Amino acid sequence: MRREIPLAICLIMGVVMTVQFFVPHAASQWLFDNMMKWLIIIAIFALMLGLLNLIKIHTQKVINRRKDWPYSIVALVGVVGTLITGFWGIGADSPFMVLYNYIQIPMQATMFSLLAFYIASASFRTFRARTFEATLLLIAAVIVMLGRVPLEKYLGGQWLPDLAEWVLDYPNMAAERGIMIGVGLGAISMALKIILGIERSWLGGGEKG
Amino acid sequence: MNFFDKFLKIDRRYIFILVAIGVVIPLVFPLGLAVTVSPPVKNVYDEIESLKPGTPVLVSVDFDPSTEPELGPMTAAVLRHCFKRKLPVILMNLHPGGPGLALAISDKVAKETGAKEGVDYCFLGYKAGGTAVILSIGRDIRLSYPADYYNKPIDQIPMMKNIRSYSDIGLVVTLSGSTFPDVWVAYAHERFGAKIAAGVTAVMAADYYPYLSTGQMIGLIGGLKGAAEYEKLIGVPGNGLKGMDAQTIIHLLIVLLIILGNIAFLLMRRQQRRGEQTRPSGA
């Protein structure tokens, strides 16, 4: 029953919500409104589940003194400390926002900024014209990179930004559109497989129910 | 190990130093490069210009601090433009890391422009659910946001009195460092007909060109360059224009490194081939 009930809920809700989309009746709208509320409530519980899981994993790591366990203490202090400060309000001058502005923002910005250094190093080491396709990619990358910075004055006019815009508007868009259509068809087939109970990996666990 | 081999295996810390110099020098000594405006950015500007004063604009700050240097300046520029045009702004977040940034940017821009909270703009904060939140706004914004960020009931906010769904909103602007623009297009535009404009990081911008050609997105602000273009359009220089000099130097540096790396690679390969040809057979 641990597998049958979730599968039945999934099948019924999948079919009902698909039909609901095409029915503009008041009852159908009532169902839609309530399902949206349910979805938001489920999302909030999913967040809480993630938080509890994070606390559980790091607590176990500290108790069992696993590799790099001192970092888990930092993670736990961060989670619990942020939670506690949240009780004193979340306005612009609250302790919560002080933590956010002076710890989270600089840390995340620093991590992301490091990308510039690694991209520069990686482009020097790995971006090679080894094949025809790689050469095409390299030329397109150089055009777009130079076309996306204000160098018109030094490169004799608007031709480079226009060329970069052409690369984005035509070859890039054709490839993107192909990917999007593929992803869309894949998503539809996966949704059908889940609704019909063919794809069951979302239930978790092994084969035995 | 020959010269080319040594060059290709240069210590990466030298490259890091070059990048650091390339970022710092233009920030200290600005080059003042002139930015030209691209059509996708101009389209967003024109759409906001075309809205009648009093038409609400929904601005969804769907990013966290990691992408703030690119998306923060464009958020500020869009807010400045809306406040200047007397368009009430509804601010919200679909990303849990976004409320602090939305709060800081809106506070700063409101102080500069004299916009009043509750009258010219309101901040609804973060709501979990992503797709469900976007869909529920199509029915009634009160379904997902019965109260604002400060827990004030929506109906007590003066500017929100006549706003219920996308049909009362002139434009939705999503500023995102992830795939939220896809979700806004798929649900807010396709199901409810909302007009969507997006502001995204430079690396993501290429992904959204198909939506521009189909009209599913009315415009796109891409990366720091897009932010700089928008600042130029509204005539208020900010961090976007300030950062363009450093970004230009880094782009040039990376292109130079790619060219040098490839020259060294091709010369080394030619040398290796020559060596193989001159080597006696069977050796």
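The values are calculated or read from the model by the stated rules, or taken from the named source; none is laboratory data. Small disclaimer: the values here were computed from a predicted structure and weren't measured. Here Cβ is always computed from backbone atoms with ideal geometry, including for glycine, and neighbour counts include all displayed protein chains.
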Taking B:Gln247 as the residue in question, decide whether it is on the phi < 0 side of the Ramachandran plot, in contact with a His (Cβ under 6 Å, 6 or more places away or on another chain) and surrounded by 14 or more Cβ atoms within 10 Å (Cβ to Cβ). no
Which residue is farthest from B:Val44 (Cα to Cα), if the candidates are limited to the range B:181-207 and must be assigned to a strand (DSSP E or B) and of a type in the set (A, V, I, L, M)? B:Val200
Give the residue, chosen from B:Ala128, B:Ala102, that is surrounded by fewer than 23 Cβ atoms within 10 Å (Cβ to Cβ) and more than 13 Å from the chain's Cα centre (by Cα). B:Ala128
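Looking at the range A:62-78, is at least one residue under 30 Å from B:Lys152 (Cα atoms) and either of a type in the set (Val, Ile, Thr) or more than 8 Å from chain B (Cβ to nearest Cβ) (or both)? Explain how you work it out, then say what you get.
Step one: list which residues in the range A:62-78 are under 30 Å from B:Lys152 (Cα atoms), which gives A:78.
If we keep only those that are either of a type in the set (Val, Ile, Thr) or more than 8 Å from chain B (Cβ to nearest Cβ) (or both) too, we end up with A:78.
Yes, there is a match, as at least one residue in the range A:62-78 is under 30 Å from B:Lys152 (Cα atoms) and either of a type in the set (Val, Ile, Thr) or more than 8 Å from chain B (Cβ to nearest Cβ) (or both).
Taking the options A:Ile103, A:Ile84, A:Ile90, A:Ile143, name whichever one is crowded, with 17+ Cβ neighbours inside 10 Å and under 30 Å from B:Asn151 (Cα atoms). Show your work before the answer.
On the way: A:Ile103 fails: crowded, with 17+ Cβ neighbours inside 10 Å; A:Ile84 fails: crowded, with 17+ Cβ neighbours inside 10 Å; A:Ile143 fails: under 30 Å from B:Asn151 (Cα atoms).
Just one listed residue meets the conditions, A:Ile90.
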Matching residues in the range B:91-101 - criterion: being touching a Ser or Thr at 6+ places or on another chain (Cβ under 9 Å) and either away from every other protein chain (no Cβ under 11 Å) or part of a loop (DSSP other than H, G, I, E, B) (or both): B:Leu91, B:Met92, B:Asn93, B:Leu94, B:His95, B:Gly97, B:Gly98
Among (1) touching a helix residue (DSSP H, G or I) at 6+ places or on another chain (Cβ under 9 Å); (2) charged (D, E, K, R); (3) within 20 Å of B:Ile254 (Cα to Cα), where does B:Asp11 come up short? (1)
Helices (runs of 4 or more DSSP H) contained entirely in the range B:1-89, each with at least 1 residues that are loosely packed, with under 13 Cβ neighbours inside 10 Å and within 14 Å of chain A (Cβ to nearest Cβ): B:3-8, B:12-28, B:39-50
B:Ala228: passes all of (1) more than 9 Å from every other protein chain (Cβ to nearest Cβ); (2) in contact with a Pro (Cβ under 9 Å, 6 or more places away or on another chain); (3) modelled with pLDDT of 95 or more but (1)
